[in-house]
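Beneath this line is the structure, given in structure tokens, with notes to follow.
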Amino acid sequence: TSAERDRWKVEVNNINVGSRSLYDLGDNAFYLQFPEQRAKNFIEQPIGQVWHGFVSDKLNAILAGSAFKKIVFDQGSTSQTVSGTLKKADGKVFIAELAKEQSMEVKLEASSKVLLSVYSPSGKIKFLEDSTKRTVSAKLSENGFYEFVVVSTASEPVDYQLSITAESPAPAPTPTPEPTPTP
């Protein structure tokens, strides 16, 4: 029901994940089994209950930590890399707390069967959504947890390596004061 979908949103929002990332994982698994449903309005149809089952499974995987990881940059580091293997219909959500005005660069090394989505904290900016594109660079316009979603559309396990670099703009040079001559 819509009430259950609202509950899911609250649960993932509590760990700084948006419903769009949850739905990316659920949609991927569902559409691999039911490709004919793509672009159809099926939520209120009986097949919608099957979709709810897929999304519920992905919610549990996110909450259990098997499909979710918070990326924390080491002290003084501007980049972090995560890697792993995705099974068929598998996916993972990563979040990283980044700041407005930082320059972000995301690079994914993986089979073309791995799709990448990158979302801003508010969800207003979709840098990539279910994309085969492997890189994205942007100057960030929001503070908060950015979401990075990788999903596999392959029928066999595939490896991925996701690198995120976030650098703060260089501080403006401090003007050196002119010496005042003393009489």
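The values are calculated or read from the model by the stated rules, or taken from the named source; none is laboratory data. Just so you know, these numbers come straight off a predicted model, no measurement behind them. We place every Cβ from the backbone using ideal geometry, glycine too, and count neighbours over all the protein chains shown. Each accessible area value is taken on the protein alone, full model and side chains, heavy atoms only, with ligands, DNA and RNA left out. Shrake-Rupley method; radii C 1.70, N 1.55, O 1.52, S 1.80 Å.
Remarks
- All of Lys107, Lys100, Lys133, Lys88 fail the test of being part of a strand (DSSP E or B) and open to solvent by 20 Å² or more (accessible area, probe 1.4 Å), apart from Lys107.
- Entry remark, segment 110-130: residues being in a strand (DSSP E or B), open to solvent by 30 Å² or more (accessible area, probe 1.4 Å) and of a type outside the set (A, V, I, L, M, F, W, C) number 3 in total.
- Segment 30-83, residues that are assigned to a strand (DSSP E or B) and within 15 Å of the chain's Cα centre (by Cα): Phe68, Lys69, Lys70, Ile71, Gln80, Thr81, Val82, Ser83
- Out of Val93, Val55, one residue alone is under 14 Å from Ser19 (Cα atoms), in contact with an Asp or Glu (Cβ under 7 Å, 6 or more places away or on another chain) and open to solvent by less than 20 Å² (accessible area, probe 1.4 Å). It is Val93.
- Filter pass, Gly48 being open to solvent by less than 10 Å² (accessible area, probe 1.4 Å) and free of Cβ contacts under 8 Å to residues at least 24 places away in the same chain: yes
- Val149 vs. criteria in a strand (DSSP E or B), open to solvent by less than 10 Å² (accessible area, probe 1.4 Å) and free of Cβ contacts under 8 Å to residues at least 60 places away in the same chain: no
- The C-beta contact set for segment 22-45 (first residue of a type in the set (Ser, Thr, Tyr) and buried (at least 17 other Cβ atoms within 10 Å of the Cβ), second residue assigned to a loop (DSSP other than H, G, I, E, B) and modelled with pLDDT of 95 or more, distance under 6 angstrom, 6+ apart or interchain) is empty.
- Consider segment 1-21 and keep the residues that are β-branched (Val, Ile, Thr) and within 25 Å of Glu97 (Cα to Cα). The one that is surrounded by the fewest Cβ atoms within 10 Å (Cβ to Cβ) is Val10.
- Look at segment 86-106: where a residue is touching a residue at least 60 places away in the same chain (Cβ under 8 Å) and within 17 Å of Lys126 (Cβ to Cβ) and a partner is surrounded by 15 or more Cβ atoms within 10 Å (Cβ to Cβ) and aromatic (Phe, Trp, Tyr), sitting 6+ places away or on another chain with Cβ atoms under 6 Å, you get Val93/Phe68; Phe94/Phe148; Ile95/Phe145; Ala96/Tyr146; Leu98/Tyr146.
- Inside segment 143-168, residues that are within 12 Å of the chain's Cα centre (by Cα) and either closer than 19 Å to Leu32 by Cα or among the basic types (Lys, Arg) (or both) make up a count of 3.
- Of all residues in segment 91-138 being within 13 Å of the chain's Cα centre (by Cα) and of a type in the set (Gly, Ala, Ser), the one that is modelled with the lowest pLDDT: Gly123
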